[in-house]
Amino acid sequence: MQSLIISIMGKDKPGLVDALAKCIYKHKGNWQGSSFAHMAGMFTGFVEVHVPADENEKLVDALNAISDLSVQSVAVNTASNTLTNQLTVDVMGNDKAGIVQELTSVLNQFNLNILNFSSRCESAPNWGSLIFKANAVIAVPEDFDDDALQDALESLANDLVVDIQAKQ
């Protein structure tokens, strides 16, 4: 079996994931995991599938033929799962330009790998501005100092609330 990472993007409409799933199933693919999102009228996401080597090229051709959908795929060797300690980092504060860059810069200064990152802005009716919320899952070394990371993140702004928990 070949591991294939597929990214998709298209104008949102009902049936996009179903078309993708049917195509993968038709080519004997096994859906391993996925993440999808709707943003600004567009639907985007990625999927990992395992597909027999003799079906790989046929699957890629079929995926590229799905109308109204931009598809990219990359065949990869199945990576061995190395056990790492993981932390979940939740951040909330007033939205401002550059906040994601500031957050990721701090994570990079600690040489941490981001495994999953999601963010959004929500209306804060009592303040008349937007509230930024982010959630990250990061890989950390065994003896990592969570408190130092929390201090560094909270020092970015006086209104930033940071919660760090061991991922279960």
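Some points to look at:
- Of all residue pairs spaced 6 or more apart or on separate chains, none has beta-carbon atoms under 9 Å together with a first member in segment 65-94 that is more than 30 Å from L153 (Cβ to Cβ) and a second member that is among the hydrophobic types (A, V, I, L, M, F, W, C) and at pLDDT below 85.
- Residue in segment 119-129 that is out of contact with any helix residue (DSSP H, G or I) (no Cβ under 8 Å at 6 or more places or on another chain), at pLDDT below 95, acidic (D, E) and open to solvent by 80 Å² or more (accessible area, probe 1.4 Å) present: no
- Of the residues making up segment 133-166, those that are of a type in the set (S, T, N, Q) and part of a strand (DSSP E or B) number 2.
- Options N111, N85: the member that is touching a strand residue (DSSP E or B) at 6+ places or on another chain (Cβ under 7 Å), loosely packed, with under 15 Cβ neighbours inside 10 Å and over 30 Å from H38 (Cβ atoms): N85
- Residues (closer than 16 Å to Q72 by Cα, in contact (Cβ under 8 Å) with a residue 12 or more places away in the chain and open to solvent by 30 Å² or more (accessible area, probe 1.4 Å)) located in segment 18-30: A19
- When residues in segment 114-128 are screened for being assigned to a strand (DSSP E or B) and more than 12 Å from G93 (Cα to Cα), 5 of them pass.
The values are calculated or read from the model by the stated rules, or taken from the named source; none is laboratory data. Not measured: the values here are computed from a predicted model. Because the Cβ atoms are built from the backbone with ideal geometry, glycine has one as well, and the counts that use them run over all protein chains shown. With ligands, DNA and RNA removed, areas are computed over all heavy atoms of the protein, side chains included. Shrake-Rupley method; radii C 1.70, N 1.55, O 1.52, S 1.80 Å.
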